[in-house]
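Let me begin by presenting the structure, written as C-alpha cells, before commenting on it.
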Amino acid sequence: MADIAVIGAGMAGLSALQELAAAGHQVQVYDKSRGSGGRMATKALAGSGWDMGAQFLRAHSPDFAHQLSQWQQAGWIAPWSPTICRYENDCLTPSPDAVSRYVGVPRMTALSRGLLQSAAGFHPAVRISTVRFAEQRWQLQSDDGTHLASADALVISAPPAQSAALLENTVPPLAAHCRQQPMLPCWTLLISVQQPLAVTADAVFVRQGPLGWIARNSSKPGRSGAESWVIQASHTWSATHNDSPREAVQQMLLEAFCEVFKLDAISITGQWLHRWLYALPASTGNAEFLAAGGLPLAVCGDWCHHPSVEGAWHSGRRAGQYLNHYLATSSGHLQERI
Ligand SMILES: Cc1cc2nc3c(=O)[nH]c(=O)nc-3n(C[C@H](O)[C@H](O)[C@H](O)COP(=O)(O)OP(=O)(O)OC[C@H]3O[C@@H](n4cnc5c(N)ncnc54)[C@H](O)[C@@H]3O)c2cc1C
C-alpha cells in the first residue's frame, strides 16, 4: 500500500482517487478551494445552491454511462429533464433532444463529496505551490514554504497553467507541454427572482449575442428556495470582455437574458457574477493523461482528453490505473514498504 497525494478535487482528481483507493492505496487530496468539485462547483446564495460551473453530466461512452448509473444508485446524482429551447435569429424555439442529462443532488457538489469518501484525507483551502521529488518521495509545500506532506506517488489534476507552475522545476518538458494548452474563459451570472418567470424553457442554448447557455437552476431535482437562473456568456464574448468592469458585464448579461425571454424587467432578489478564467480547454487533448517516464507521477484533467466532466473522469481514471500499475510493478523502496 502506497501513500499518494492528489492535487485537485475536481472530477479528474477524484476519478484518479477512485482508482487508487480501490487498489488499496492511502490517498490524500488537496485543493486550494474551500470546497470540492473544481469546475463542478456549487455557490450557496439566497437559500439556494447554484451550479456555477458544469450544468449537467452526460455520457458518450458506455463506461461513463455505467459510472453514471452507479452514482445514481448511490444517490449522488439524478436525471434532469429540462424543457430545452434554442435562441437564434431573435427567435426562441423548442429544441427537444434524446440526451439523458444528470445533475448532482441536491447540488452538483454532492457528487464530489460522495467520491471523497474513499480518500484517507481531504485538505481544502490548501494551495500546493511546490512539488519536489527527492529520495524516492514527493515533497509538497505550500505558498509560504511550509512542508505539507510527502508521498510515494503524485497526481496533479489542476488546469494546465496551474499544473505547469507545479511542474516547472521538476519536469520542465511536461511543464512546457502544459503551457501550450489554451483554456477559454466564461463569465457566469447567477440570479434569483422574486416571482417565477412565465417562460416554458428550463434551459436555452443561445446562438447569438453575449450568451451561450441559460438554465433554470431551480428546475433541477432537489434544489429548494426561490426560482434561480444560471446565465453563461459564450466563450467568445467572455474572451473579448475578459477585463471589462464587473458591473458592465453584469448589466450586459442581464439585458441579454431579458432579450431572450422578451422580458421588460425582472425583480431580482439575489445575484452573483463569477469569471471562470479557465472554463474549458480550447480543443480536445491528444492524450488521456500525461506521465514523466521514471517518476511516480500522473498529470490529468479535461484538457488532456475532452472538454467535459466525462473527459475529466476518463483522464483521471487512466491516470489512476497508470499509477496502480507503476506501483505494482516498480521495485525498490515501494516494494520494501509493502
Ligand atoms: C461554466 C462552465 C460550464 C460547464 N458546463 C459543463 C457541462 O454542462 N457539462 C460538462 O460535462 N462539463 C461542463 N463544464 C466542464 C467541466 O466542468 C470540466 O470539464 C470538468 O469539471 C473539469 O474537471 P477537472 O478535474 O479536469 O478540473 P477542475 O474541475 O478545474 O479541477 C482542478 C482542481 O485543482 C485545484 N487546484 C488547482 N491548482 C491547485 C494547487 N496549486 N493546489 C491545490 N489545488 C489546486 C482547483 O481548485 C480545482 O478544484 C463546464 C465548465 C464551466 C467552467
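The values are calculated or read from the model by the stated rules, or taken from the named source; none is laboratory data. Since this is a predicted model, take the numbers as computed values, not measurements. Backbone-built Cβ (ideal geometry, glycine too); neighbour counts: all protein chains shown. Quick note on the areas: whole protein, heavy atoms, side chains included, nothing else; ligands and nucleic acids left out. Shrake-Rupley method; radii C 1.70, N 1.55, O 1.52, S 1.80 Å.
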Residue selected from the stretch 198-240 under the condition open to solvent by less than 40 Å² (accessible area, probe 1.4 Å), assigned to a loop (DSSP other than H, G, I, E, B) and under 23 Å from L184 (Cα atoms), by the criterion nearest to the ligand (Cβ to nearest atom): S234
Answer residue from the stretch 146-170, given it is outside any strand (DSSP E or B) and β-branched (V, I, T) and is modelled with the highest pLDDT among those: T170
Return yes when E288 is charged (D, E, K, R) and either in a helix (DSSP H, G or I) or within 25 Å of L92 (Cβ to Cβ) (or both) and no when it is not. no
Consider A54 carefully, then state whether it is in a loop (DSSP other than H, G, I, E, B), in the same structural domain as R127 (by TED's automatic domain parsing), within 7 Å of the ligand (Cβ to nearest atom) and open to solvent by less than 50 Å² (accessible area, probe 1.4 Å). no
Inspect the stretch 125-145 for any residue being of a type outside the set (A, V, I, L, M), outside any loop (DSSP other than H, G, I, E, B), open to solvent by 50 Å² or more (accessible area, probe 1.4 Å) and near the ligand (Cβ under 9 Å from one of its atoms) and give the result as yes or no. no
Can you find even one residue in the stretch 60-75 that is open to solvent by less than 50 Å² (accessible area, probe 1.4 Å), away from the ligand (no atom under 16 Å from the Cβ) and within 29 Å of I191 (Cα to Cα)? yes
Counting only residues that are within 15 Å of the chain's Cα centre (by Cα) and farther than 13 Å from A153 by Cβ, which one in the stretch 14-28 is surrounded by the fewest Cβ atoms within 10 Å (Cβ to Cβ)? S15
Which numbered condition trips up L254, out of (1) in contact (Cβ under 8 Å) with a residue 60 or more places away in the chain; (2) under 25 Å from I84 (Cα atoms); (3) within 16 Å of the ligand (Cβ to nearest atom)? (3)
For A119, all conditions in the list (1) touching a helix residue (DSSP H, G or I) at 6+ places or on another chain (Cβ under 8 Å); (2) not assigned by TED's automatic domain parsing to the domain that holds S15 hold save one; what is the number of the exception? (2)
